[in-house]
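First, the structure itself, so that you have it in front of you.
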Amino acid sequence: MTLTQKSGHLAWCALAALALARQDGTVCSATQENLFLTRWLATALKQRRFSREVAPDIEWLLKQGRQYGVAAKLAGKLDYLWRSCTGELSQQNDLFRLTYALETAKDMHWAYRLLSDREWSGRHAAVLNAGVNGIYLSRSSLDAAFDDDGQQLTPVMARLTGRVQGLATLLNRCGWQMAIDGPSGFYVLTAEKYELTMEQ
């Protein structure tokens, strides 16, 4: 079993346990959901129910649940982990996968904003804090980037700040790539299928 499969199995077990707890009435609110998943993860870690390779996943989820409470949206993070590890996410269109990645980043406390052409470049360009984890997309680029079926037509222009490498990992799991474009902090985002089309 690969690490990806092991991570997917962990997420599936947690989601199955949560579904059973909802069914029997143990979990009836967002607060109870967070408490249940935090306890479940803590027990899984303590009893070593899963491979030591997925311990970092468990520790990270546990930290999120304890630090942010209900705002951690653990069920959503587990659902994302499961979808990205089982390949279900890869079946979705490009726009859905990018939206999923951006929503997940926002859940992980990344700043997110669309910039107008005026804010994008030139003397009125928005001044961004390099120390803040941030995703800033060009509104006009995003508007033109997808067809009616959600497939990518043109690259999405982005300005990224903070721990960009972590965002690259998240985008890759959602079937997207990022490449540096020009000055520091400017990037081009492309879906994997779009890249394959351009190469042919």
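The values are calculated or read from the model by the stated rules, or taken from the named source; none is laboratory data. All of these numbers come straight from a predicted model, not from anything done at the bench. Glycine gets a Cβ as well: all are built from the backbone with ideal geometry, and neighbour counts include every protein chain shown.
When the residues of segment 103-157 are narrowed to those that are buried (at least 20 other Cβ atoms within 10 Å of the Cβ) and more than 18 Å from residue 188 (Cβ to Cβ), which ends up modelled with the lowest pLDDT?
Of everything passing the filter in segment 103-157, 104 is modelled with the lowest pLDDT.
Kindly indicate which of 168, 179, 126 is farther than 27 Å from residue 73 by Cα, out of contact with any helix residue (DSSP H, G or I) (no Cβ under 9 Å at 6 or more places or on another chain) and not assigned by TED's automatic domain parsing to the domain that holds residue 70.
Criteria check complete, one pass: 179.
Hey, residue 104 hits all of (1) in the same structural domain as residue 169 (by TED's automatic domain parsing); (2) β-branched (Val, Ile, Thr); (3) more than 26 Å from residue 2 (Cα to Cα) but one; which does it fall short on?
(3)
Turning to a different aspect of this structure: Just name the residue that is farthest from residue 155 (Cα to Cα) out of those in segment 104-120 that are in contact with a Phe, Trp or Tyr (Cβ under 9 Å, 6 or more places away or on another chain) and without any contact (Cβ under 8 Å) to a residue 12 or more places away in the chain.
Taking the candidates together, the pick is 106.
So how many residues does segment 173-186 have that are out of contact with any Leu (no Cβ under 9 Å at 6 or more places or on another chain) and either modelled with pLDDT under 90 or buried (at least 16 other Cβ atoms within 10 Å of the Cβ) (or both)?
Matching residues across segment 173-186 total 4.
Then there's this: Out of 7, 29, I need the residue that is among the polar types (S, T, N, Q), touching a Cys at 6+ places or on another chain (Cβ under 6 Å) and either modelled with pLDDT of 95 or more or in the same structural domain as residue 63 (by TED's automatic domain parsing) (or both). Which one?
Selected residue: 7, the only one of 7, 29 that is among the polar types (S, T, N, Q), touching a Cys at 6+ places or on another chain (Cβ under 6 Å) and either modelled with pLDDT of 95 or more or in the same structural domain as residue 63 (by TED's automatic domain parsing) (or both).
Here is a yes/no grid of residues against (1) of a type outside the set (A, V, I, L, M, F, W, C); (2) closer than 30 Å to residue 153 by Cβ:
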{"site": "10", "(1), (2)": "no, no"}
{"site": "22", "(1), (2)": "yes, no"}
{"site": "40", "(1), (2)": "no, no"}
{"site": "55", "(1), (2)": "no, no"}
{"site": "73", "(1), (2)": "yes, no"}
{"site": "102", "(1), (2)": "no, yes"}
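Then there is this: Being within 23 Å of the chain's Cα centre (by Cα) and charged (D, E, K, R) is the filter here, so list the residues in segment 1-38 that pass it.
6, 33
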